[in-house]
Structures are given as C-alpha cells and as structure tokens.
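Reviewing the structure listed below.
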Amino acid sequence: MILKVTPQTRMGELAGRTIVVSSTFLTGPLTPFVLVCREQAGQVGVRHSPINAGTPQSVLVPEQRTLGHFAIDRLQIETIGRITPILGVDWSGGSVRLRLPNGLTTEDLYPGLRELHGQTASMHSYILGAVEAPSSPDVARQRVDAAKETYGALLSDVAYRIENSALFDNAVPESKEFQLRLMQWDDQIAHLDRPGVGGAALDALAREVALAFDTARANAERLGLSHLPLTARRTARQAIKVSALARTSPTEGERAAARDKVAKLLSRLALYYLPSPRSAPLLLGGQIPQLPQDPTGAG
C-alpha cells in the first residue's frame, strides 16, 4: 500500500523515503526543502537541505515525531503547503540534483506557482502530495461523497468503532479536523458550485476533505485500542469478539444474545465516542445511522 504522506505522518513511517516539503504559498520559507529519511539506531536519521543549496544537514529524530513538528523545528515551516514524494536526491559536488518522477517539474514543488502563472496544475501537483486534483466539480463532489460513504460504513461497524475509536472521538485533532472540513464543505458547496464562481476553491475543499479523512482514519488505525483508557481495553477486546458472533452465529437466538452482550459490555465502558448500548444492537442488526457527530468534541 502506498503511504499517503501528511503533516501528521510519523517520521518513522518515512524511513527509506525521499520527499520535498514546501511552505504554503507566499508564506514561510520560499524555497522547498528536500528530506532523505533513514532508520538509524531506533530513531530516524534525516538529511535535509533547501532544493537550491548544496550541503545537507543531518539530524536524528524520534520515530514518533510528526513531519509537521519536524518542519516547524528544523525547517522553520509553520504550515506545510505541499509534500511531494520524489525518487531521490544527489548532493555530490556541492549542488542539489533531484530525481523527479516522470511528468513532474521543479515548478510543481512550489505551491501556487502554476496557478499564479495561469497554468493547469500537473497531475503530480496536488495538495500535500497525497490526493491528486479533481478534473471537474463533479469529480470533486464524488470525492467528498466517497469519503462520507466510507465514514458512514465505518460508523455502522461496531467492531471497527471499538477497535479504531479515535476516528470517532473529536477530541482527537485529526478526527476533529475531518469533521470541520466536512462542515466547511457543506457550508460552502452551494456558493462555490456555480459556473465561474469557485471551481479551484471547490477542488481544493474536496482534496482537503479527502486528505483529512485519510489522515484521521490512518491515525485511528495506528492508535487502535491504545486510544482507549487502559482499564477499558480488556472489555473492549471482549466486545469486539462478541460483536463478530452477533454477525456470524448460525441462529437468530444466538445472534440476539450476542447483541445483548455487546450492549452490556458497552454500557460498562461508557465512553461517548463508542457506540451506545442502545444503538449497538441496531447497528449489529444492519441498521445504518445518520452522519455525523458534533465536531466540537462535546460528544
């Protein structure tokens, strides 16, 4: 599976990769930085330099450090505007030679340059280097609809919600960001989705929604049950196992008993971001809830 690199990506996940990190358009350092990441003694060794400077610096960072924090601490980039995976870099001879994928140019590494020059962004020139640009408003809407549909399916999956509960806890920054991006999309879609009004902005919003969802989901699946309080994890594991029985047991009586057991276990857990004891039996019976939850984290 191809790793989608975002500001929340852990440096340990970047070991063996070369990326170019750029600040947002017309803010922060003008010149992007190239980073080469290698696993080194339980940490991550990072060699980095501006793409127009010849001598890289080297630093060791913890595997759990996020790329966003590294950019702030080491590159003076407060807000990342683009992350572009590349094939490699050669620093020999006091110069920087980037090995770019076919079709990618150095100009694509700078957020906004093609737009500033009135050009169409290349297929490689997309927000954060993770989600390629939609080609039409219809594609933008389809991208957001796909994120909503997937989120809705996960919301109705009791076992997934318990095992990856951080996705549904809006106290988690990545999950809250996804909900806020959805709200932003819903607030602005009517205004932007008109001829000659906001095609580029609509595309950008769709990419931000898709990226925020991918980031929140990856973060939740990385955390798994560790997001739960330590005292809740044993009960949560039991609830996951019993929820499987509620789906697969051969008789309706056995499935009903399993649904009741899941409800009792969830009642013991009493965590606002897990399925409620009342809704869990309905979900296990195939009923789909409505989207989504309060993005403020109020529960």
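No lab work stands behind these numbers, since they all come straight from the coordinates. Given the structure is predicted, the values throughout are model-derived calculations rather than measurements. For neighbour counting, all protein chains shown are included, and Cβ atoms are generated from backbone atoms with ideal geometry for every residue, glycine included.
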Can you compute the FRET efficiency between Ser279 and Asn52 using 1/(1 + (r/R0)^6), with r the Cβ-Cβ distance and R0 = 51 Å? Round to the nearest 0.05.
0.35
Determine the gain in length on full extension of the stretch Val59-Ala15; use 0.36 nm per residue of separation and subtract their C-alpha separation, reporting nm with one decimal.
14.5 nm
What is the distance in Å between the Cα centres of the range 216-248 and the range 8-23?
29 Å
How would you rank 147-153, 37-43, 82-88, 93-99, highest first, on the average number of other Cβ atoms within 10 Å across their residues?
82-88, 147-153, 37-43, 93-99
Taking the Kirkwood radius as the inverse of the mean 1/r across Cα pairs, report the Rg/Rh of the range 44-94.
0.96
Long pairs among Lys241/Lys264; Lys148/Lys241; Lys148/Lys264, criterion Cα-Cα beyond 18 Å
Lys148/Lys241; Lys148/Lys264
Per the rule of 0.36 nm per residue minus the C-alpha distance, extending Gln238 to Arg141 adds in nm 31.0 nm
Cα gyration tensor shape of the range 198-290, rounded if a/c is under 1.5, else prolate or oblate by comparing a/b with b/c
prolate
Gain in span if fully extended, Ala41 to Thr251, counting 0.36 nm per residue against the direct Cα distance:
70.2 nm
Going by how many other Cβ atoms sit within 10 Å of their own, how do Trp91, Trp185 line up, fewest first?
Trp91, Trp185
